[in-house]
Amino acid sequence: MKKIVSILFMFSLVMGFSQFQSSTAFAADKVVHETIIVPKNTTYDGKGQRFVAGKELGDGSQSENQEPVFRVEDGATLKNVVLGTPAADGVHTYGNVNIQNVKWEDVGEDALTVKKEGKVTIDGGSAQKASDKIFQINKASTFTVKNFTADNGGKFIRQLGGSTFHVDVIIDKCTITNMKEAIFRTDSKTSTVRMTNTRYSNVGQKWIGVQHIYENNNTQF
């Protein structure tokens, strides 16, 4: 009887170790050596996988000209992705793009950059540890962020410095904390921001250069 119990115990240990190995392999980071392109009108579902940039893309510092881990084309969706360290230049968008439940554990050069005009919607997810800005807008766009958590950055959103093109920024149901400068900074006299149902604290000047502001049901804590 003792021998049977011993055999069963050893079998359970082997099976447990096998399952541990399998789960560990599944959870391993995916190192990206060449930018992953999400083609037009398609969806890339990372299913919770963590992606980190290979040295070919960049080291995640503030050095310019780093490459993105993901390039999302017009009409495409990127979802359920974790960007680890380093994240190089994060995500680039080209046109009308949806970003769903993407998490940046340690923002590199930028978390996301708008590279072509369009409507960009970020729904869910989080970002932290951005020494400069989290989101960079380099083209005229409608930029919506909702159900998002941001902590520890220079700016939550920055329009390209010195630019005068029009941007509409919409922030809803977010939590924004510990921004050194502002939630949104722009040099354009026509750009707007609409922030609703959002909690924020320690966000610097809150708005820099923004001349058209609408706020409703926000909470400072």
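The values are calculated or read from the model by the stated rules, or taken from the named source; none is laboratory data. Note that this is a predicted model, so its numbers are computed, not measured. Heads up, the Cβs are rebuilt from the backbone with ideal geometry, glycines too, and the neighbour counts pull from every protein chain shown. Side chains are part of the model used for accessible areas, which takes the heavy atoms of the whole protein and leaves out ligands, DNA and RNA. Shrake-Rupley method; radii C 1.70, N 1.55, O 1.52, S 1.80 Å.
Among residues of the stretch 77-98 being assigned to a loop (DSSP other than H, G, I, E, B) and not small (Gly, Ala, Ser), the one that is nearest to Leu57 (Cα to Cα) is Asp89.
Here is a yes/no grid of residues against (1) of a type outside the set (Phe, Trp, Tyr); (2) crowded, with 19+ Cβ neighbours inside 10 Å; (3) modelled with pLDDT under 95:
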site	(1), (2), (3)
Tyr44	no, no, no
Gln62	yes, no, yes
Leu78	yes, yes, no
Leu83	yes, yes, no
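Only one of Lys146, Lys133 is buried (at least 18 other Cβ atoms within 10 Å of the Cβ), closer than 18 Å to Val114 by Cα and charged (D, E, K, R). Can you tell me which? Matching residue, one of Lys146, Lys133: Lys133. Of all the listed residues (Glu215, Glu181), the sole one being under 30 Å from Gly84 (Cβ atoms) and of a type outside the set (Val, Ile, Thr) is Glu181. Among the residues here, Gly108 qualifies as open to solvent by less than 10 Å² (accessible area, probe 1.4 Å), within 30 Å of Arg50 (Cβ to Cβ) and not in a strand (DSSP E or B). Considering only residues that are closer than 20 Å to Val107 by Cβ and among the aliphatic types (A, V, I, L, M), look in the stretch 176-221 and name the one that is most open to solvent (accessible area, probe 1.4 Å). Checking each candidate, the answer is Ile208. Among the residues here, Glu73 qualifies as of a type outside the set (A, V, I, L, M, F, W, C), closer than 26 Å to Asn41 by Cβ and in contact with a Pro (Cβ under 8 Å, 6 or more places away or on another chain).
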